[in-house]
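Q: Sharing a structure here in structure tokens format.
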Amino acid sequence: MITVDRLVNVLGGYGVRLFGRPEARSAWLRSVAMPEACEHHVAGDLLLAVGTCSIDEAVRWAAAARAAAVLVRPAPDTEGAGEADVERKAAALGHRHGVAVLLADPAVSWSQLAGVVYGLVLESRETASGRGPTDLFALADNLADVIGGAVTIEDRLSRVLAYSRSQQAGDPARLETILARRVPDRLRELFQQQGVLARLAATDEPVFVPPDAGHGLTGRMAVAVRAGRELLGSVWVTCERPLTGAHRHALADGALTVALHLLRSRTSADLERQVESNLVTRLLEGSTDAATAISRLGLAPRTMRVIAIRAYTPDDRHAALLLAFEEATAGFGWSRPGRSALLGDTLYTLLPAEPAEPAEAARRWIRTLHAELPIRVRVTAGIGAPAEVTELPSGRQEADECLALHESAEPGAVPPAYDDSWDDILLRRLRATARTGRIPARGPVPTLLRHDSSHGTHFAATLRVWLECQGDLTLAAERLEVHPNTVRNRLRKMGELTPLDLGDARQRLAMTIMLAAAADEPRR
């Protein structure tokens, strides 16, 4: 079950355009109908007008089927009309009959269009546990009825995807897992110690977990859900002793069925992620019409923040980032506040924000994302300032620079936002310019820096503090933890080394900038 708007967003990548009844974008699509060769009167929310190139006929079929939308692939030169005439005709017919008309590119095959449509409408259903087909719950109920235990279906990160409704055969550990929507850390540690998780990763054979009263376990059987060699998740059923015979076969067969459902769901999710990622990337690069791209993403044309994120573990710098991208894009587009793209080793998210809104909302989003990842994953992030949709490339640069600040900060530091870190970013830019040799190599500041390096003096640091204190000798001495006369003597010796006109405001400003661009020196 999805909306017309979400379907159009995905099919737009295949050249499909929506005409007529723009208000139909919010209509729900729960079923798909396709006319038979001998019977055109079928029923469904979305009609695939296979067998006709006529928009008139397709719309009549859709009206008869009481469909909210019809997908038609018109002939390249329908009735000798030009493209603009075809579009106007589609809009007029759709408005007259109350049907949203989706025009497909004639170069795209019906088999390809039908595959995408069926995958999206029939398999992309959202449940209380997040993305996943709702019939996983029905499958869990069926397994529970056959085996006689309480069933839980989990993904590869031990997050709950579905569970059987019967709680009679459950135990406290299962109830805690369902309420938290993921296996508690203490239970995962127990399963790791017992080698359960390692055996699930290595074999397709069901694994028995013995009862453990201390952890609220009455015993259970688990089997891996796998697609080829890839572990997709697992199925767990409570039982007092290892399953045998028909019950064991039922559990193994159930795992194969779950794998099929998860693969179908992931295919649908990947289609949507691909479209979303492409649109976000083009916005960040400034290579598309911003208003159109924002509309296709289902967002209002308002100010946004760009968030840049990197996620990794000490052992792997790639898997955690992919998990973060999957979490950021979990759920339907309309149910998420932001839109995301994965570029290189960085996850970018566009998050709507008011112009004067503080960055705390973005930080909460980052914390929520981090909480959904495994404990060992380290997340670093940077937050750009609120930007108009046409300014998102600049917002990306700001987010990247804030990300660099966070990566060099102490562990546990709050992700910086450009609003309150612009001064640090300016200094980093100045230092980067200095390293490329694009500032003067001669003058008061370079001379003092070279003298400090050769003779172990502290002239540059003294001059910097004196300038920051606006010439207040007493305050500068306190900050340097020396006597005021020491500051005075250092300034005199600096004047002997290089022309130092401290009474010239322009020279003071230039020296302040050059000292800021130089590497930090001890302030003594």
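Q: Asp212's amide H: which non-local residues (gap 5+, or another chain) put their own amide H closer than 5 Å, with H modeled 1.01 Å from N in plane and none for Pro or chain starts?
A: Leu217, Thr218, Gly219
Q: Same structure again: Please list the non-local residues whose amide H lies under 5 Å from the amide H of Leu161, H modeled 1.01 Å from N, same-chain partners needing a gap of 5 or more.
A: The list, which skips near neighbours in sequence, is Ile153, Glu154, Asp155.
Q: Classify the stretch 317-388 as rounded, prolate or oblate from the Cα gyration tensor: take a ≥ b ≥ c as the square roots of its eigenvalues, call it rounded if a/c is under 1.5, otherwise prolate when a/b beats b/c and oblate if not.
A: Numbers: a/c = 1.71, a/b = 1.53, b/c = 1.12.
Prolate, because a/c is 1.5 or more and a/b exceeds b/c.
Q: Arrange the residues Cys402, Cys239, Cys53 by how much accessible surface each exposes, largest first, with a 1.4 angstrom probe. Mind showing how you got there, number by number?
A: Details: Cys402 0, Cys239 20, Cys53 70 Å².
Ranking Cys402, Cys239, Cys53 by accessible area, largest first, yields Cys53, Cys239, Cys402.
Q: I'd like the carbon and sulfur percentage of the solvent accessible area for the chain, probe radius 1.4 Å, heavy atoms only, ligands and nucleic acids excluded. Before the final figure, lay out the partial values.
A: Working: 13320 of 25310 Å².
C and S atoms contribute 53 percent here.
Q: I would also like to ask the following. Rounded, prolate or oblate: pick one for the stretch 444-524, where a ≥ b ≥ c are the square roots of the eigenvalues of its C-alpha gyration tensor, a/c under 1.5 means rounded, and failing that, prolate if a/b is larger than b/c, else oblate. Write out the running numbers ahead of the final one.
A: Details: a/c = 1.29, a/b = 1.09, b/c = 1.19.
Cα axes put the stretch 444-524 in the rounded bin.
Q: Oh, and also: Of [x] 34.9; [y] 27.3; [z] 31.2, which one was derived for mean projected area of the Cα convex hull in nm² from the structure shown?
A: Checked against the structure: label [x].
Q: Of the trypsin sites (Lys or Arg not before Pro) in the stretch 434-501, which ones lie in a loop per DSSP and count no more than 16 other C-beta atoms within 10 Å? Can you show the working numbers first?
A: Details: sites: Arg435, Arg438, Arg442, Arg450, Arg464, Arg479, Arg488, Arg490, Arg492, Lys493; in loops: Arg438, Arg442.
Answer in residue order: Arg438, Arg442.
Q: Just to be sure I follow the definition: excluding the sites themselves, where is the longest run in the chain that has none of the GluC sites (Glu not before Pro) in a DSSP loop with at most 13 other Cβ atoms within 10 Å?
A: Values: sites that count: Glu36, Glu39, Glu240, Glu481.
Segment 241-480 is the longest.
Q: Let me cross-check Ser394: its accessible surface, 1.4 Å probe, with only protein heavy atoms counted, in Å² to the nearest 10?
A: Rounded to the nearest 10, the figure is 70 Å².
Q: Let me ask something else. By DSSP, what percent of the beta bridges with both residues in the chain are antiparallel, rounded to the nearest 5?
A: On the way: 46 of 56 bridges.
Antiparallel bridges: around 80 percent, rounded to the nearest 5.
Q: How many nm is it between the label spots at Glu176 and Thr390, if each spot is 7 Å from the Cα in line with the beta carbon?
A: About 5.6 nm separates the two model spin labels.
Q: What FRET efficiency comes out for Asn489 versus Val414 if R0 is 35 angstrom and r is the Cβ-Cβ distance? Round to the nearest 0.05. Before the final figure, lay out each step's value.
A: Values: r = 42 Å, r/R0 = 1.20.
Once the sixth-power term is evaluated, E becomes 0.25.
Q: Also, I was wondering about something else. In terms of solvent-accessible area of protein heavy atoms at a 1.4 angstrom probe, what is the ranking of Leu217, Leu426, highest value first? If you can, show how the numbers build up before the last one.
A: Values: Leu217 10, Leu426 85 Å².
Final ranking, largest accessible area leading: Leu426, Leu217.
Q: Using Cα pairs under 8 angstrom and six or more residues apart, how large is the relative contact order of the chain, in percent? Write down the numbers at each step before the final one.
A: On the way: 887 pairs, mean separation 44.8, N = 524.
Relative contact order of the chain: 9 percent.
The values are calculated or read from the model by the stated rules, or taken from the named source; none is laboratory data. Because the structure is predicted, anything quoted here is derived from the model rather than measured. Counting neighbours? That spans all protein chains shown, and the Cβs are built from the backbone with ideal geometry, glycine included. Each accessible area value is taken on the protein alone, full model and side chains, heavy atoms only, with ligands, DNA and RNA left out. Shrake-Rupley method; radii C 1.70, N 1.55, O 1.52, S 1.80 Å.
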